[in-house]
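*Asks:* Submitted below is the structure of interest, expressed as structure tokens.
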Amino acid sequence: MQARPPSVVLATGGYDHTIRFWEATSGVCYRTLQHQDSQVNKLEITPDKKFIAAAGNPYVRLFEVHTSNPQAVTTYEGHTSNVTSVGFQRDGAWMYTSSEDGTVKIWDVRAPGCQREYESRAAVNTVALHPNQSELISGDQNGNIRVWDLTAGACSCELVPEVGCAVRSLAVASDGSLAVAANSRGVCYVWRLTPGAGAGGGPSPNGVQTTTTNSTHFEPLHKLVAHPDAYILKCLISPDVRTLATAGSDKVVRLWSLENHFALDSELVGHSKWVWDCVYSVDAAYLVTASSDGSAKLWDIAKGEAIRTYNGHHKAVVCCALNDSAVPDPGRT
């Protein structure tokens, strides 16, 4: 009988070329994987919790989560520079990535070859999948945000919130209602999303260039100066779409209310260097953060306190991944 996946999978990666798995509640590291080629830029766990993807330079490697096998089961080759984002389609059938080589790629998880590629003409720092599963949204070093229509196989719209200011992170609400872009000047731009009726290929009043009739429409909603005089390295909307988390080079994570006009709810203070990444628990009660100080932390959001620190990496921790969602039992109907 095959063992059931663990109920909570928590992993971190960074510049010491390792991936570490942690018991979330105790803080004990129970497994370390060596990532020899490069630092680990991003991590993502498959929806079924069986695999974890590690984005490096320039490869993406897929490892088994609940075995002792130290070797990658699949290596995805095709990028020519740092891979900056990695994620999975809702059912885990395909994977998407972005890279400093200026491309966004789609991969069949079961095969090593790239299935589709989109050219962004600048280093791509971030990419997010719309909950409709048919659009990818990318942000690049030149400040461009592009929506890639996966059905049409083309860019359906472009936005430039600040010309020449790098987009560092993108987030899309789980209900598809909002999108947030965070940049290198500490600013978040927020849009309300609606299914689009198109604009015949012409620019709309809000600066969106629409080229297909079914693309999502972006309506400017708010400009949030979240981290003055600092880089925002990660923005993330909570699963319940009530809070926006922003993490920055000022060592602080800030939580903003989406129900109270982006008022500051709380600040999570405890890291001593840049905070690179964060991820919510599925119930939005907890947040995991990763920092250049060599640690990751688990925060109780209601208390605004770190309740666990994960120590063990020897260099900067720049990414974390958490999957504590319920996995359907294939043996039940």
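*Asks:* Return the residues of region 122-149 that are touching an Asp or Glu at 6+ places or on another chain (Cβ under 8 Å) and either charged (D, E, K, R) or assigned to a strand (DSSP E or B) (or both); say none if nothing qualifies.
*Replies:* 124, 125, 129, 135, 145, 146, 147, 148, 149
*Asks:* Filter region 1-44 down to the residues that are among the acidic types (Asp, Glu) and modelled with pLDDT of 95 or more, then identify the one that is surrounded by the most Cβ atoms within 10 Å (Cβ to Cβ). Please lay out each step first, then the result.
*Replies:* Here is the first cut: in region 1-44, the ones among the acidic types (Asp, Glu) are 16, 23, 37, 44.
If we keep only those that are modelled with pLDDT of 95 or more too, we end up with 16, 23, 44.
Details: 16: 19, 23: 14, 44: 24.
The qualifying residue surrounded by the most Cβ atoms within 10 Å (Cβ to Cβ) is 44.
*Asks:* Mind listing just one residue for me: the one in region 11-42 that is of a type in the set (Ser, Thr, Tyr) and more than 21 Å from the chain's Cα centre (by Cα) and, of those, nearest to residue 319 (Cα to Cα)?
*Replies:* Going residue by residue through region 11-42, those that are of a type in the set (Ser, Thr, Tyr) are 12, 15, 18, 25-26, 30, 32, 38.
With more than 21 Å from the chain's Cα centre (by Cα) added as a condition, the list becomes 25-26, 30, 32.
Values: 25: 19, 26: 20, 30: 18, 32: 15 Å.
My answer is 32.
*Asks:* Okay, next question. On the basis of being out of contact with any helix residue (DSSP H, G or I) (no Cβ under 6 Å at 6 or more places or on another chain) and either modelled with pLDDT under 95 or closer than 18 Å to residue 289 by Cα (or both), does residue 95 make the cut? Spell out how you get there, then give the answer.
*Replies:* Working: out of contact with any helix residue (DSSP H, G or I) (no Cβ under 6 Å at 6 or more places or on another chain): yes; either modelled with pLDDT under 95 or closer than 18 Å to residue 289 by Cα (or both): no.
Considered against the rule, which asks whether it is out of contact with any helix residue (DSSP H, G or I) (no Cβ under 6 Å at 6 or more places or on another chain) and either modelled with pLDDT under 95 or closer than 18 Å to residue 289 by Cα (or both), residue 95 comes out as no.
*Asks:* Would you say residue 99 is among the polar types (S, T, N, Q) and either within 20 Å of residue 175 (Cα to Cα) or touching an Asp or Glu at 6+ places or on another chain (Cβ under 9 Å) (or both)? Before the answer, list the steps.
*Replies:* Working: among the polar types (S, T, N, Q): yes; either within 20 Å of residue 175 (Cα to Cα) or touching an Asp or Glu at 6+ places or on another chain (Cβ under 9 Å) (or both): no.
For residue 99, the condition - among the polar types (S, T, N, Q) and either within 20 Å of residue 175 (Cα to Cα) or touching an Asp or Glu at 6+ places or on another chain (Cβ under 9 Å) (or both) - is not met.
*Asks:* Would you check if residue 134 is in contact with a strand residue (DSSP E or B) (Cβ under 6 Å, 6 or more places away or on another chain) and either open to solvent by 40 Å² or more (accessible area, probe 1.4 Å) or polar (S, T, N, Q) (or both)? Steps first, please.
*Replies:* Values: in contact with a strand residue (DSSP E or B) (Cβ under 6 Å, 6 or more places away or on another chain): no; either open to solvent by 40 Å² or more (accessible area, probe 1.4 Å) or polar (S, T, N, Q) (or both): yes.
Judged against the criteria, residue 134 is not a match.
*Asks:* If you don't mind, there's one more thing I want to ask. Go through (1) open to solvent by 60 Å² or more (accessible area, probe 1.4 Å); (2) in contact with a His (Cβ under 8 Å, 6 or more places away or on another chain); (3) without any contact (Cβ under 8 Å) to a residue 40 or more places away in the chain; (4) under 29 Å from residue 131 (Cα atoms) one by one and return the number of the condition residue 56 breaks.
*Replies:* All conditions pass for residue 56, except number (1).
*Asks:* While we're on this one: With the checklist (1) farther than 19 Å from residue 146 by Cβ; (2) open to solvent by 10 Å² or more (accessible area, probe 1.4 Å) in hand, flag the one item residue 117 doesn't pass.
*Replies:* Unmet condition: (1).
*Asks:* Taking residue 194 as meeting all but one of (1) modelled with pLDDT under 95; (2) surrounded by fewer than 16 Cβ atoms within 10 Å (Cβ to Cβ); (3) hydroxyl-bearing (Ser, Thr, Tyr), write down the number of the exception.
*Replies:* (1)
*Asks:* Filter region 148-178 for residues that are out of contact with any His (no Cβ under 8 Å at 6 or more places or on another chain) and aliphatic (A, V, I, L, M) and give the result.
*Replies:* Residues satisfying the conditions are 150, 152, 154, 159, 160, 163, 166, 167, 170, 171, 173, 178.
*Asks:* Quick check: anything in region 263-281 touching a His at 6+ places or on another chain (Cβ under 8 Å) and open to solvent by 20 Å² or more (accessible area, probe 1.4 Å)? Walk me through how you get there before you give the answer.
*Replies:* If we filter region 263-281 for residues that are touching a His at 6+ places or on another chain (Cβ under 8 Å), which is where we start, we get none.
Among the residues of region 263-281, not one is touching a His at 6+ places or on another chain (Cβ under 8 Å) and open to solvent by 20 Å² or more (accessible area, probe 1.4 Å), which makes the answer no.
The values are calculated or read from the model by the stated rules, or taken from the named source; none is laboratory data. Source: prediction; values computed, not measured. We place every Cβ from the backbone using ideal geometry, glycine too, and count neighbours over all the protein chains shown. Ligands, DNA and RNA are stripped out before the accessible areas are found, and what is left, the full protein with its side chains, is counted by its heavy atoms. Shrake-Rupley method; radii C 1.70, N 1.55, O 1.52, S 1.80 Å.
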